[in-house]
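Inspection log for the structure reproduced underneath, given as structure tokens.
The values are calculated or read from the model by the stated rules, or taken from the named source; none is laboratory data. Bear in mind the structure is a predicted one, so any value in this text is a computation, not a measurement. With ideal geometry, Cβ positions are generated from the backbone for all residues, glycine too; neighbour counts draw on all protein chains shown. Side chains are part of the model used for accessible areas, which takes the heavy atoms of the whole protein and leaves out ligands, DNA and RNA. Shrake-Rupley method; radii C 1.70, N 1.55, O 1.52, S 1.80 Å.
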Amino acid sequence: KLWAVGSSDVHDWGTPGTPRTYFVSSTDSPAAFQEDELVDALLGGHMVVSAGAFARVSVNGAAGPGDTVTDPDGEVDVAVHIEAIPEIDVAWFKVFANCDQVATVAATDPAAVVKFDGTVKVAVTRDAHLVVVGFGTGVMPAGLKAIAVDGAPRFGTNPVFVDFDGNGVFESRRAVHGDRLETG
């Protein structure tokens, strides 16, 4: 499994760039930070990449980025909660299953702090990895990297894996069908 991470750098005393990687931690206090939590998050894919917005995503109420959930009934619930300062718009987000776009959802309030808070039903007919990516149309505020405005991602999640066949593991089509690429 490969994980997405944000990559930015700082030269001299400049402001850090974007995107950045966020991970789950048991504390907001730097003094209480546990290095092994960071290592576990990075190894397990429990991260979100942000270029200004932040998303909490779970499948069937339990599995988050990097996790696997078993669900053989053909449909999963993808809970999405998106936040950012009002100056960073998130006008819509897309859900991808095995790299195929399966849903495009308009944000409920792109200029608010909470851009969207709801659930999207996604059809799953085989083992799948689900990724959520948010987009905006506005100019990024001062201090954030000026990237292409229209269609530039504001955040992206690492995949949540769905074990459709119930064998306890996510199996990619490549693992099932060998090295040949298949579509459809």
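A few comments on the model shown:
- Being modelled with pLDDT of 90 or more, in contact with a Lys or Arg (Cβ under 7 Å, 6 or more places away or on another chain) and among the acidic types (Asp, Glu) is a description that applies to ASP109.
- The set of residues in segment 68-126 being of a type in the set (Ser, Thr, Tyr) and assigned to a strand (DSSP E or B) consists of THR68, THR70, THR104, THR119.
- Filter result (under 14 Å from the mean Cα position of the chain (by Cα), open to solvent by less than 40 Å² (accessible area, probe 1.4 Å) and more than 20 Å from ASN60 (Cα to Cα)) within segment 80-117: VAL90
- Within segment 127-137, being over 24 Å from VAL169 (Cα atoms), part of a strand (DSSP E or B) and either small (Gly, Ala, Ser) or more than 16 Å from the chain's Cα centre (by Cα) (or both) holds for one residue alone: GLY134.
- The numbered conditions (1) open to solvent by less than 20 Å² (accessible area, probe 1.4 Å); (2) closer than 19 Å to GLY66 by Cα are all true for HIS129 except (1).
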